[in-house]
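**Student:** Pasting a structure here, questions to come.
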Amino acid sequence: MSTTRFDLVDIFRIIERRRRFIITVTLVALVLGLVLHLVRKKKYEAKAAFFVSNPMYLDRSNIFAGADSRYTDYFGDEDDIDRVIALAESDTVIATIIRNTGYDKASKLSLDNPKERKELKEKFGDALKIKRTEYKMMEVYFTDPDPVMAATVANETVSNIELAYRGFYNSRRAGVFNSINNKVRELDSAINALTDTLSSLRDESGIYDIISPNRQNLVMSKIVGNGKNPGRYIELIQNFESTKDMLVIDRSRYISLQNQYATGTEKDGMKLFHNTTVARPPVDPAGPAWFIVLAACFFLGLFFSIVYLMITTYYREVVQARD
């Protein structure tokens, strides 16, 4: 039995002999590619880009304590970028973006319906892409048949991620602020109670001199009172006055801390994102251009037609050799 083989000369002979078939298949591929390119639903991709700032610059230790900022990078590190991506993929942020942009109404799906909500979030997730570059910059891409909607969602995504990211740090400071505020209220109650007590003691004893040992450089003169047991009243007033003075000092320190933790938590306070590219409604649809589609279809049709001829011809040769 003879061995069936192909060499380069045989391949070129087959191509020359079946050139009509190859041309026909290639032309059919070109026509199909062009038709599909024309009839496919056009989608537009909008892009927004930004840098993530280091959140430590909003910390009170850097704002009020005189820390040397030269040792703190202005830009967020890889961990900060990972946190931003995690927030961008959270259900809370996605639902907020969908509601604010009206994407649910445009998609004719509702977030209130469990089945439609799942479909809507999957559709939104497929259209949204968040990438990081080698320069620690983040890029947000959103694809939609409506170019205006694509740009709106891209910008709203950046805005809502920044609010969520900044809100996390603000909530930590707000928790400390509330804790200190509760302590200030307790101190106010204690100070008011001591004030009432001291007022009663001074009225009873007639001693109105300042006799607190907590007050430095205080020159004491002879204390005069108009009641009985002046020594006991002096000791009582001194004890209550020293306690009150310490509480007043603590209260002033807590109020100072409150102001420090409240700084930067304003609604329009310092932002943690620096936008470098604002999304605009794209003009050209996403995807390859028509000439790229035609070139790809041409080479695919040419390649597969030649491969088909080689396989079928070789198979016939093998069958004939066996017979």
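The values are calculated or read from the model by the stated rules, or taken from the named source; none is laboratory data. Remember, it's a predicted structure, so these values are computed and weren't measured experimentally. Reconstructed Cβ throughout: ideal geometry from the backbone, glycine too, with neighbour counts over all protein chains shown.
**Student:** I'd like the full set of residues that are loosely packed, with under 12 Cβ neighbours inside 10 Å, in a helix (DSSP H, G or I) and among the basic types (Lys, Arg), limited to region 104-117.
**Tutor:** Scanning region 104-117 gives Lys105, Lys115.
**Student:** Let me ask something else about it. Return a yes/no flag: does region 85-103 have any residue that is surrounded by 15 or more Cβ atoms within 10 Å (Cβ to Cβ), closer than 23 Å to Val283 by Cβ and out of contact with any His (no Cβ under 6 Å at 6 or more places or on another chain).
**Tutor:** Yes: region 85-103 contains one or more residues that are surrounded by 15 or more Cβ atoms within 10 Å (Cβ to Cβ), closer than 23 Å to Val283 by Cβ and out of contact with any His (no Cβ under 6 Å at 6 or more places or on another chain).
**Student:** Moving on. Out of Ile234, Ile223, which single residue is at pLDDT below 85, part of a loop (DSSP other than H, G, I, E, B) and either small (Gly, Ala, Ser) or surrounded by 12 or more Cβ atoms within 10 Å (Cβ to Cβ) (or both)?
**Tutor:** Working: Ile234 fails: part of a loop (DSSP other than H, G, I, E, B).
After ruling out the rest, the residue left standing is Ile223.
**Student:** Cβ-Cβ distance below 6 Å, separation of 6 or more or different chains: which pairs start in region 244-257 with a residue that is touching a residue at least 60 places away in the same chain (Cβ under 8 Å) and end on one that is part of a helix (DSSP H, G or I) and among the charged types (D, E, K, R)?
**Tutor:** Once the first residue is touching a residue at least 60 places away in the same chain (Cβ under 8 Å) and sits in region 244-257, its partners that are part of a helix (DSSP H, G or I) and among the charged types (D, E, K, R) give Tyr254/Lys183.
**Student:** Hey, could you check region 20-47 for residues that are surrounded by fewer than 12 Cβ atoms within 10 Å (Cβ to Cβ) and in a helix (DSSP H, G or I) and say which is modelled with the highest pLDDT?
**Tutor:** Arg20
**Student:** Does region 193-213 hold any residues that are under 18 Å from Asn229 (Cβ atoms) and assigned to a loop (DSSP other than H, G, I, E, B), and which are they?
**Tutor:** Gly206, Ile207, Tyr208, Asp209, Ile211, listed by residue number.
**Student:** If a residue must be of a type in the set (Ser, Thr, Tyr) and touching a helix residue (DSSP H, G or I) at 6+ places or on another chain (Cβ under 7 Å), how many such residues does region 236-254 contain?
**Tutor:** The number of residues fulfilling the criteria is 2.
**Student:** Can you say whether Ser179 is under 26 Å from Thr265 (Cα atoms), modelled with pLDDT of 85 or more and loosely packed, with under 15 Cβ neighbours inside 10 Å, as far as the supplied structure shows?
**Tutor:** On the way: under 26 Å from Thr265 (Cα atoms): yes; modelled with pLDDT of 85 or more: yes; loosely packed, with under 15 Cβ neighbours inside 10 Å: yes.
For Ser179, the condition - under 26 Å from Thr265 (Cα atoms), modelled with pLDDT of 85 or more and loosely packed, with under 15 Cβ neighbours inside 10 Å - is met.
**Student:** Something else about it: Take Thr265 and tell me if it is crowded, with 17+ Cβ neighbours inside 10 Å and of a type in the set (Val, Ile, Thr).
**Tutor:** Answer is yes for this residue.
**Student:** Does any residue of region 165-188 turn out to be of a type in the set (Lys, Arg), in contact with a helix residue (DSSP H, G or I) (Cβ under 7 Å, 6 or more places away or on another chain) and in a strand (DSSP E or B)?
**Tutor:** Residues of region 165-188 that are of a type in the set (Lys, Arg), as a first pass: 166, 172-173, 183, 185.
Now narrow it down to the ones that are in contact with a helix residue (DSSP H, G or I) (Cβ under 7 Å, 6 or more places away or on another chain): 173, 183.
Filter once more, keeping what is in a strand (DSSP E or B): none.
No, region 165-188 contains no residue that is of a type in the set (Lys, Arg), in contact with a helix residue (DSSP H, G or I) (Cβ under 7 Å, 6 or more places away or on another chain) and in a strand (DSSP E or B).
**Student:** Considering only residues that are among the polar types (S, T, N, Q) and under 14 Å from Ala95 (Cα atoms), look in region 136-167 and name the one that is surrounded by the most Cβ atoms within 10 Å (Cβ to Cβ).
**Tutor:** Keep residues of region 136-167 that are among the polar types (S, T, N, Q), which gives 143, 152, 155, 157, 159-160.
Within this subset, residues satisfying the condition of being under 14 Å from Ala95 (Cα atoms) are 157, 159-160.
Working: Thr157: 26, Ser159: 17, Asn160: 20.
So, considering only residues that are among the polar types (S, T, N, Q) and under 14 Å from Ala95 (Cα atoms), the one surrounded by the most Cβ atoms within 10 Å (Cβ to Cβ) is Thr157.
**Student:** Then there's this: Exactly one of (1) at pLDDT below 85; (2) under 30 Å from Lys47 (Cβ atoms); (3) assigned by TED's automatic domain parsing to the domain that holds Ile15; (4) not acidic (Asp, Glu) is unmet by Lys271. Its number?
**Tutor:** Result: Lys271 fails condition (3) only.
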